[in-house]
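Report on the following structure.
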Ligand code: ADE
């Protein structure tokens, strides 16, 4: 199978979307220019399992420009932009296996199709390639140079594997780079999640009680943006320090059982399971909207919700299902999957620019190591982070101060005090 996409006639539309995104990705463009000259990925096969968006298209084009053979599948069954998948397969010659709304069997068929194309390096958003290679294709492990991981949930999975001694090749935790999580997780999730809720429901946020479950970088971004739109924001947390941070950032913090009674809109961003559960659904007001912006669709316990519901009206608007619990309506968005990618376009190109420039450079780093790296989870180097931040600032025409000689000396000395 060369590729598997929804609709070839969407190719032109996809090209336009990819070009539009490209114009807001100056750091990635610079990496591409450098890759074109130096071909650091020559002869390397990269299996990529990412959200198939216009921004991802520009990342895989960059890897190809660097000399790699890349194949791409979707990291979530609902996040694929079909026009982009068509353009990638037909215009840019990237074997792409992704259809928006694909079922579970197709999702895994696509994952395997990408692995079948050959793999020295993996690029994951959620660790599905790494996990599949370690469970079903262990024959490939000796040829693996390593991988990169885009998201918090994936990094958590990798650390769990490493702790068990199960991780058999090196993987760079791109998610943990400052140039990724401080911007993509915070501002990207903040904006795109609100965008998706509004697109799906047309709800007015001002004056509503907006409950954010989880106060990591994503939750922080979402809470701050919801407040910016005039919502009364409530945060729920299980971590004492994050809870305290939310309090001092000016949010109300309370257990979900209390929040469930007062919230109008709920969004989970925790990376954990059953954050909204049976005991919460029964407390909710009539007409609430519930959704998830965490990686997997486990944060809202949908089987429990369904078990409490006599009638489910599917698709009362695109991405909106109505569940009726004891006469009260609960509107679930995007089947509890990543709402910002399912019901909107994911994070804007300008912020994915930094994440994906970091991805491309981390991949280059991994591919060009002289000595085989030991299995484990690796950090993105300070050099890469600095390069990405410097280039992004320059693209925004923002100059900053430099340390003077006197200041450098002062910082290096330990004997100058009061
Ligand atoms: N994750 C969140 N937003 C994304 C986007 N626009 N493209 C790829 N991955 C994403």
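The values are calculated or read from the model by the stated rules, or taken from the named source; none is laboratory data. Note that the coordinates shown come from a computational prediction; the quantities given were computed from them, not determined experimentally. Backbone-built Cβ (ideal geometry, glycine too); neighbour counts: all protein chains shown.
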Just one of the numbered conditions (1) away from the ligand (no atom under 13 Å from the Cβ); (2) touching a residue at least 60 places away in the same chain (Cβ under 8 Å) is not true of residue 25; which one?
(1)
Looking at the structure I just gave you, is residue 42 part of a helix (DSSP H, G or I) and either away from the ligand (no atom under 16 Å from the Cβ) or more than 22 Å from residue 151 (Cα to Cα) (or both)?
no
I'd like the full set of residues that are surrounded by fewer than 17 Cβ atoms within 10 Å (Cβ to Cβ) and at pLDDT below 95, limited to segment 273-308.
296
Residue selected from segment 45-70 under the condition more than 16 Å from the ligand (Cβ to nearest atom) and surrounded by fewer than 24 Cβ atoms within 10 Å (Cβ to Cβ), by the criterion farthest from the chain's Cα centre (by Cα)
67
Does at least one position in segment 365-376 carry a residue that is more than 16 Å from the ligand (Cβ to nearest atom), outside any helix (DSSP H, G or I), buried (at least 17 other Cβ atoms within 10 Å of the Cβ) and on the phi < 0 side of the Ramachandran plot?
yes
Contacts under 7 angstrom Cβ, first residue in segment 389-404 being free of Cβ contacts under 8 Å to residues at least 12 places away in the same chain, partner surrounded by 10 or more Cβ atoms within 10 Å (Cβ to Cβ), 6 or more apart
400/393
Filter segment 194-215 down to the residues that are within 15 Å of the ligand (Cβ to nearest atom) and surrounded by fewer than 20 Cβ atoms within 10 Å (Cβ to Cβ), then identify the one that is farthest from residue 249 (Cα to Cα).
199
Is there a residue being closer than 27 Å to residue 75 by Cβ and at pLDDT below 95 anywhere in segment 232-254?
no
Given the condition within 16 Å of the ligand (Cβ to nearest atom), surrounded by 13 or more Cβ atoms within 10 Å (Cβ to Cβ), at positive phi and in a loop (DSSP other than H, G, I, E, B), answer yes or no: does some residue in segment 347-363 qualify?
no
Being loosely packed, with under 14 Cβ neighbours inside 10 Å, out of contact with any strand residue (DSSP E or B) (no Cβ under 8 Å at 6 or more places or on another chain) and over 18 Å from residue 198 (Cβ atoms) is the filter here, so list the residues in segment 310-333 that pass it.
326, 327
Would you check if residue 241 is in contact with a strand residue (DSSP E or B) (Cβ under 6 Å, 6 or more places away or on another chain) and not in a loop (DSSP other than H, G, I, E, B)?
no
